Each structure stands twice: as structure tokens, then as C-alpha cells.
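Novice: Once you've had a glance at the structure underneath, I'll fire off some questions.
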Protein chains: 2
Amino acid sequence: MAPALEAQEPETVAHNNLLNILNDASHRSKVTVIGSGNWGSVAAKLIASNTLRLNFFHDEVRMWVYEETLPSGEKLTDVINRTNENVKYLPGIKLGKNVVADPDLENAVKDSSMLVFVTPHQFMEGICKRLVGKIRADAEAISLVKGMEVKMEGPCMISSLISEQLGINCSVLMGANIANEIAVEKFSEATVGYRHNREVAERWVQLFYTPYFIVTAVQDVEGVELCGTLKNVVALAAGFVDGLQMGNNTKAAIMRLGLREMKAFSKLLFTSVKDSTFFESCGVADIITTCLGGRNRKVAEAYAKFGGKRSFDELEAEMLQGQKLQGVSTAREVYEVLSHRGWLELFPLFSTVHEISTGLLPPSAIVEYSEKLPRSL
Amino acid sequence: MAPALEAQEPETVAHNNLLNILNDASHRSKVTVIGSGNWGSVAAKLIASNTLRLNFFHDEVRMWVYEETLPSGEKLTDVINRTNENVKYLPGIKLGKNVVADPDLENAVKDSSMLVFVTPHQFMEGICKRLVGKIRADAEAISLVKGMEVKMEGPCMISSLISEQLGINCSVLMGANIANEIAVEKFSEATVGYRHNREVAERWVQLFYTPYFIVTAVQDVEGVELCGTLKNVVALAAGFVDGLQMGNNTKAAIMRLGLREMKAFSKLLFTSVKDSTFFESCGVADIITTCLGGRNRKVAEAYAKFGGKRSFDELEAEMLQGQKLQGVSTAREVYEVLSHRGWLELFPLFSTVHEISTGLLPPSAIVEYSEKLPRSL
């Protein structure tokens, strides 16, 4: 029997009201994942475990799927909804029964207050255009999209694209995140970069955080997002060192110099970028993962082994089944920014990577630019 | 024929006087390397190439050698001086004809104004005692000694030991320095940590810097020196991850968390320690080298593979031919400091490494302490 209202402490009343609000499904945040590739499916799995567990999220996680017809003749969304598995991009992993695949973008985002973007970056502009006027005005977005373009006038950040086109705030989540390893619940970390509102950041952390996926938030959208792109240039440098069999010492030095140039480049482009961001998972840890494994490193290793005699295009075609290397195009875009702004001498590693990947310099040049290095003292 | 003195510009006179002083051997800095193991011999080689090239150093580099009789019956110093090779600790590498091996410590340091200490750390106390009153009062020291002891009351820094016992200033040089790779002139880096005087630091940089060995100086003796010790604890953690076959993602996360604890621990012990030091070669690069190769990582990997069922002592004896792992003893010493000061909860990685290496926890605990991690937000 409920105690008389008069007998309750004011805090208890407030607490009960809050519980009622939280338990009322209409007040819970609805989450939509836009994208359903390898990383998108893993993100949906992480999120779905938390929306079931935490009261302030709507249980159901809607996942927009670019519809495909499978060799069996079935639709991909039908199979995902029947089996709880993305049989094409993350086979063998249960996403959670509360993940609902939806081929209709507009329907997928309806009433959602939390939008998780995780598609290849070249699709982002088109997707944003289709979403204009279709989303809640108070929605919050987060971008997991790596590899935005660096253009002459500076990098075109995906978080800015989302904010500008949709008129909503956008955070980012990056880090040392090899999707297949997280899918099997191996210990990992990620970094959320947020702009102003700590409460929003904390909500994103709660949506992704699990005991095997540790998420930390930092107030530095651009720093976190630039880490995700620039690391691929450093991965090429690390691959050259591997191909030349220079040893761990040299590789560690090149990775460190790469991290240093990532930090310097980001800070020159955005004065808000913080040094401490580069100690986070998106910085040093992602550099390590990407330079130990990763396809940029792998193809660059092969390039160096062949002494630069076989082009990146040729090796990509042979080794990556039609996928393109992000590192090579990012290195070119960074080089354009550097030469346009007169910064080439400040970034000997970045510029040397581009000059090697275009055949202007031999792979061994990666460790021969030391005389160009600015002396700190 | 020399031009008349009157005809010279005052700057030219000053310049010529300076040249005379520099060319006068008695005004040049004499350098002594104290130690002749693997790293000491490589240091002597680096230094010897620079003393020949730069006028402000005396050409001759004296290297104190703990005398040994070789199987051939010859003295080690005689063979080094005859062949220019340290046949025992760095065979196949020419040190430079200007390196003179000297078995007499007192004679080796006579008139030296630059003392380079590079011996196993357990010998340092005895060597310092023997040097009291035997060195120039204005001598400068640099320590390349890694693995000083962390005691209950804090770490016993080798640079402090030298300064206190000998009454001279002491800098340090650390970094991702695998001696055998530097010996064959593979590209590498190092960090000089200095206390106050930038000119002294610059002189040490000039003494070591070569096109393949890039040296950067930072004003942070303790930060640089603690990196050199604490990295071995992180290497054990990385080895456990390798033994458990957790993948690159997890390994990168553990390396990053280790770097973060190194930084936090160093800053709690010495308020002067700078964040930026951990971006230098002694920080992130040395963590990478040590966690990719290195004997601490290797034995820890074996320990995890055996599920902790064979002790570190046993594995060390089997794998390291009588050498002891620095990481295990450093982890214990760090643990003592942490428990003594009530900091255990702030350093879950450091404390878990110790608890694993003593058998209190299974190796898999290295990725199971995540719930203990302090949330940053």
C-alpha cells in the first residue's frame, strides 16, 4: 500500500516522478543507427545492449540498412530481422533482438533523438540531403565516420557537414576500434569528442560503454575527428618502414613523429584542439593499432618491398579487392593543404609520405628526411 | 700571409680568437664514457663520430671498461684498443679510432668535463663512491642508465644519485634505443632531459646527434628518467595481452592505459613533470618499441601462455640465461609505493600487473579491471 503523499520526503516525490518519467516509454530517447556495414553493425550491438539495460533509452534500436538482395533472393533487412545477424557484414554475431533493420531512411529516423552516423564517408553528403526536414529539431548526432576529406581550404569535417546541413549538434566517436575484435567482445576503448555540452557527451558515453568497450569523452570534436583521418598517413609511413625491414626502433620513431605531426597539423587548423586528445584512444592507441595491422600499413609494406616499382593503384587492386586506400588520398590532400599554406617544411613526415606514394621519392626516403626535421632546441 | 691586424673588422678578430680557442685542444671538452656494455659501446661510437667533427670537443673519447680477460687470454681493453671493436659486447662494429678503452676508472675521468654514465644500475652506487674527489668540480654528467629503483619513499633516481654523491649537475638520455639497431645506423631517436641550463642540454644534443640518431632535449629530468623505468611494467601488460592472443586493438588500449598511468604516476611523484615529455621518444616511442620487442614483453607472453602456472623466476631462468627482468621488480616497487600512499585505485593497470606477476590474479585479469577504471566524465 502506498504511503500517504504527505508522509513522503520531497526528494522521494521528485525521485518517484523521475522514475515515472523514465519508465514512460514516450520520454525515453529513441536511437537510430544510420549505416549497417561492419562497424555500423558492431555499433548497433553495443548500443542495443545498453538501451535494454538503461531506462532513459527506448529499448528498440532502429538501424537503417542500404537494402540489398542476397544471393538467396532474400532482402538483407528481412534476414537481419529474422536472424538478428547482419549475415553480409558481420556474420556469426547476434546484434540483439531489439535491433530492427529498416530500409527506409526517413522511417528509420522518425522520432529519433539520437542519430548515430556510421556509413562510408562518400555517402554522407547524400544522406544528409535526404534527411533535411525529416529529423527532430532537438536531435543529437554522433559521427563514427572516419576518413573525411581534407580540402585545400582545410578539412571538410563530417561532424560539420552534419551540423550545417541538418542544423543539429554533432559529436564524434573514434578510437582504436577494429570492428571484428569488438564484435567478439575483446577489450577495447574509444573516445567521444563533444563540442559544448557535457551532459550530451555523458549520454553518448552511456549509450556505447560496456565492460569491454571503455568510452571516454573529451571536449574536442575536431581533434578527435582529425586523429581518425590523419592516422592513415602515418600508417603508410609505418608500412614503408616494415617493407624496408628497419626494425622496431625505427618504426616506433616514425609512429611518434607521425603522432607529433598529427597534433601540430590539427592545432594549426583548429586552435581549439587540445594536446591531451592525442593521449586518448583516438590518438596514440589508434596510431598503434593502425600501424600494427590495418590495410594502409599492409599495402605500404608491399610498396616498399617492391622498391616503389609497382604503383599503389596496382597493389590496391591486387590486395584489397577493389577497395581504395584512404591513406594515399589523405596524404595527397594533406600535401595540398601544406603546400597551399607554405607549411611543407614544418611537416617533413607527411610530405615525404606523399612524395613516396607518388613515386617522387624512393621508400627509403621515409628515414632520410631527418636533416629536414626542425630541431626543438 | 695574414692580413695586418688593423685591417680586420672587430668581428673578424673576435671570430679568429674564438677559432684559436676552439682549435686549442686544452680548451675543448674532454668526454669520458663510464661503461662499455652493449649500449655503452654504441654511445661511444655515436660520441666519437661527433668529437672528431666538432671543434669544441676533444677528439679522444675515453671509455672506462670493467676489465675482463677474454678466452684468448687477452685483456678486453687491449683488444678494443687494437681492433676498435668491443668484441665481447658489440662485435662487428667499429667504435672509431678515437675511442680509447681504459680499465682505470680514475684515469679515465681525469680532466673530463663531460661524463657519460652507462652501466647496469646496480653498479652506479659503487662507481659514484669511487669517483668522489676524482672528477673536475665543473664536470657535467649525463645518465643513460635505465631501471633505477623505485623505493617506498619514492623512486631513487640515478641522476639524483650522481648529483648528490658527486656534487655535479646531471642530465639524462632515454628513448626508443635498441642498441644493436643504432649500431648499424638504423634511424632512431632519443630524448635528453635537462634540469636548468639549456646550453648544457644543447651540448649533450650535439655530442649524440647524428643523421640517424635524432636527439631532442626537454627540461624534465624526472619525467624522462621515469619513462625509462616504468615502461617495463607496461611491457609486461602488453606481453600478457600477446600471450592471451587478444589482438592489436586490446594491445593498443593496454599500451595507452600504461602510458597514461606512467604520466599520472610521474606527475604525482614530481610536480615538475610535464605532459609533453610523454610525446617524446622516451615516452610514446619507447613504449612502442618495448611493447613490440623486448625481453619483458617476451617473458610475460610466455607467462600468460602457461596461464600463470610457471613462475616468472622459472621462465626467466629458462629464457634469459640468468638475466633478471626489470619489469617484475619495478612492478613490485611501484606497487609498494602505491599501497603505501593509498594510490592503488588510481593505478589499476600497474597494480594488476603486479598482482598477475605474483600469481594473485590470472593473466586474463589484465583486461578485466575495466570496471575499476576511473571514468573521466
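The numbers here are math on the coordinates, done by the rules we state, and not lab data. Just so it is clear, the structure is predicted and the values come from calculations on it, not from any experiment. Here the Cβ positions follow ideal geometry from the backbone for every residue, glycine too, while neighbour counts run over all protein chains shown.
Novice: Explain nothing, just the number: dipole magnitude of the protein assembly as shown about its Cα centre with +1 on each Lys and Arg Cβ and -1 on each Asp and Glu Cβ, in debye rounded to the nearest 20. Don't skip to the end; give the middle numbers.
Specialist: On the way: 78 positive and 90 negative charges, 177 e Å.
So the dipole magnitude of the protein assembly as shown works out to roughly 860 debye.
Novice: How long is the gain from A:Glu368 to A:Glu185 if the chain were fully straight, where each residue apart is worth 0.36 nm and the alpha carbon distance is subtracted?
Specialist: Values: separation 183, 0.36 × 183 = 65.88 nm, distance 4.13 nm.
Gain in length upon complete extension: 61.7 nm.
Novice: Turning to a different aspect of this structure: What distance in nm separates the two pseudo spin-label positions at A:Cys156 and A:Asn107, each 7 Å out from Cα along the beta-carbon direction?
Specialist: It works out to 3.1 nm between the two label points.
Novice: Ok, one more. Got a sec? How would A:Asp102, A:Asp138, A:Asp220 order by Cβ neighbour count within 10 Å, fewest to most? Before the final figure, lay out the partial values.
Specialist: Values: A:Asp102 21, A:Asp138 8, A:Asp220 27.
Taking fewest neighbouring Cβ atoms as first place, the list is A:Asp138, A:Asp102, A:Asp220.
Novice: Using a ≥ b ≥ c from the Cα gyration tensor of region B:145-229 (square roots of the eigenvalues), is it rounded, prolate or oblate, where a/c under 1.5 gives rounded and otherwise the larger of a/b and b/c decides, a/b for prolate?
Specialist: oblate
Novice: List the trypsin sites (Lys or Arg not before Pro) within region B:122-204 that fall in a DSSP loop (any state other than H, G, I, E or B) and whose Cβ has at most 16 other Cβ atoms within 10 Å. It would help to have the intermediate numbers written out before the result.
Specialist: On the way: sites: B:Lys129, B:Arg130, B:Lys134, B:Arg136, B:Lys146, B:Lys151, B:Lys186, B:Arg195, B:Arg198, B:Arg203; in loops: B:Lys134, B:Arg136, B:Lys146, B:Lys186, B:Arg195.
The qualifying sites are B:Lys134, B:Arg136.
Novice: Is there a quick way to get the dipole size of chain B? I mean about its Cα centre, with the Cβ of Lys and Arg at +1 and of Asp and Glu at -1; what is the value in debye to the nearest 20?
Specialist: Working: 39 positive and 45 negative charges, 152 e Å.
With Lys and Arg at +1 and Asp and Glu at -1, about 740 debye.
Novice: Related question: From the Cα gyration tensor of region B:29-135, with a ≥ b ≥ c the square roots of its eigenvalues, which class applies: rounded if a/c is under 1.5, or else prolate if a/b is larger than b/c, or else oblate?
Specialist: Values: a/c = 1.70, a/b = 1.07, b/c = 1.59.
Judged from the Cα gyration tensor, region B:29-135 comes out oblate (a/c at least 1.5, b/c at or above a/b).
Novice: Also, quick follow-up: Can you give the FRET efficiency to the nearest 0.05 for B:Leu54 and A:Ser72, using r as the Cβ-Cβ distance and R₀ = 45 Å?
Specialist: 0.05
Novice: A follow-up question, please. Among B:Tyr66, A:Tyr212, A:Tyr303, which comes first, second and so on when ranked by fewest other beta-carbon atoms within 10 Å? Walk me through the numbers before you get to the answer.
Specialist: Values: B:Tyr66 15, A:Tyr212 18, A:Tyr303 27.
Ascending Cβ contact count within 10 Å gives the list B:Tyr66, A:Tyr212, A:Tyr303.
Novice: Round to the nearest 0.05 the FRET efficiency obtained for B:Gln245 and B:Leu346 when R0 = 22 Å and r is the Cβ-Cβ distance. Numbers along the way, then the final one.
Specialist: Working: r = 29 Å, r/R0 = 1.34.
Given R0 = 22 Å and the Cβ-Cβ separation, E is 0.15.
Novice: Kindly provide the trypsin sites (Lys or Arg not before Pro) of region B:244-323 that DSSP labels as loop, not H, G, I, E or B, and whose Cβ sees at most 11 other Cβ atoms within 10 Å. If you can, show how the numbers build up before the last one.
Specialist: Values: sites: B:Lys251, B:Arg256, B:Arg260, B:Lys263, B:Lys267, B:Lys274, B:Arg295, B:Arg297, B:Lys298, B:Lys305, B:Lys309, B:Arg310; in loops: B:Lys274, B:Lys309, B:Arg310.
Taking region B:244-323 and a limit of 11 other Cβ atoms within 10 Å, the loop trypsin sites (Lys or Arg not before Pro) found are B:Lys309.
Novice: Classify region A:140-284 as rounded, prolate or oblate from the Cα gyration tensor: take a ≥ b ≥ c as the square roots of its eigenvalues, call it rounded if a/c is under 1.5, otherwise prolate when a/b beats b/c and oblate if not.
Specialist: Details: a/c = 2.03, a/b = 1.32, b/c = 1.54.
Cα axes put region A:140-284 in the oblate bin.
Novice: Over chain B, what is the mean sequence separation of C-alpha contacts under 8 Å (at least six apart), divided by residue count, expressed as relative contact order in percent?
Specialist: Numbers: 686 pairs, mean separation 46.9, N = 377.
Taking the mean separation of contacting Cα pairs over the length of chain B, I get 12 percent.
Novice: Now for a separate question. Taking each label point as 7 Å beyond Cα in the direction of the beta carbon, state the distances from A:Glu67 to the same residue in the other copies, shortest first, in nm.
Specialist: Here the equivalent label points are 9.0 nm apart from this one.
Novice: List the GluC sites (Glu not before Pro) within region A:154-232 that DSSP assigns to loop and that have no more than 16 neighbouring Cβ atoms inside 10 Å. Present the calculation step by step, with values, prior to reporting the outcome.
Specialist: Numbers: sites: A:Glu164, A:Glu181, A:Glu185, A:Glu189, A:Glu199, A:Glu202, A:Glu222, A:Glu225; in loops: A:Glu185.
Hits after loop and neighbour filter: A:Glu185.
Novice: Given Cα positions, please report Rg to Rh for the protein assembly as shown, the hydrodynamic radius being the Kirkwood one.
Specialist: Details: Rg = 29.4 Å, Rh = 28.4 Å.
Rg divided by Rh gives 1.03.
Novice: Moving on. Note the full-extension length gain between B:Glu202 and B:Ser339 as 0.36 nm times their separation in residues minus their Cα-Cα distance, in nm to one decimal.
Specialist: Details: separation 137, 0.36 × 137 = 49.32 nm, distance 3.95 nm.
Full-extension gain reported as 45.4 nm.
Novice: In nm to one decimal, list the spacings between the B:Pro211 label point and its equivalents in the other copies, with label points set 7 Å along Cα to Cβ, shortest first.
Specialist: 5.6
Novice: Mind listing the label-point distances from B:Asp78 to the same position on all other copies, shortest first, one decimal in nm, points 7 Å along Cα→Cβ?
Specialist: 9.1
Novice: Okay, moving on. For chain A, give the share of DSSP beta bridges that are antiparallel, in percent and rounded to the nearest 5; count only bridges with both residues there. List each step's numbers first, then the result.
Specialist: Details: 9 of 36 bridges.
Restricted to chain A, the bridges split so that about 25 percent are antiparallel.
Novice: Which cysteines in chain B lack any other cysteine whose Cβ sits under 4.7 Å from their own Cβ?
Specialist: B:Cys128, B:Cys156, B:Cys170, B:Cys291
Novice: Would you work out which of B:Leu257, B:His58, A:Gly35 lies farthest towards the positive end of the dipole of the protein assembly as shown? Charges go on Cβ: Lys and Arg +1, Asp and Glu -1.
Specialist: A:Gly35
Novice: Grab the DSSP H runs of chain A that are 4 residues or longer, score each as -39,500 (n - 2.57), total them, divide by all residues and round the 222 nm result to the nearest 500 deg cm²/dmol. Write down the numbers at each step before the final one.
Specialist: Numbers: 15 runs with 173 residues, N = 377.
Using -39500 (n - 2.57) per qualifying helix, the result is -14000 deg cm²/dmol.
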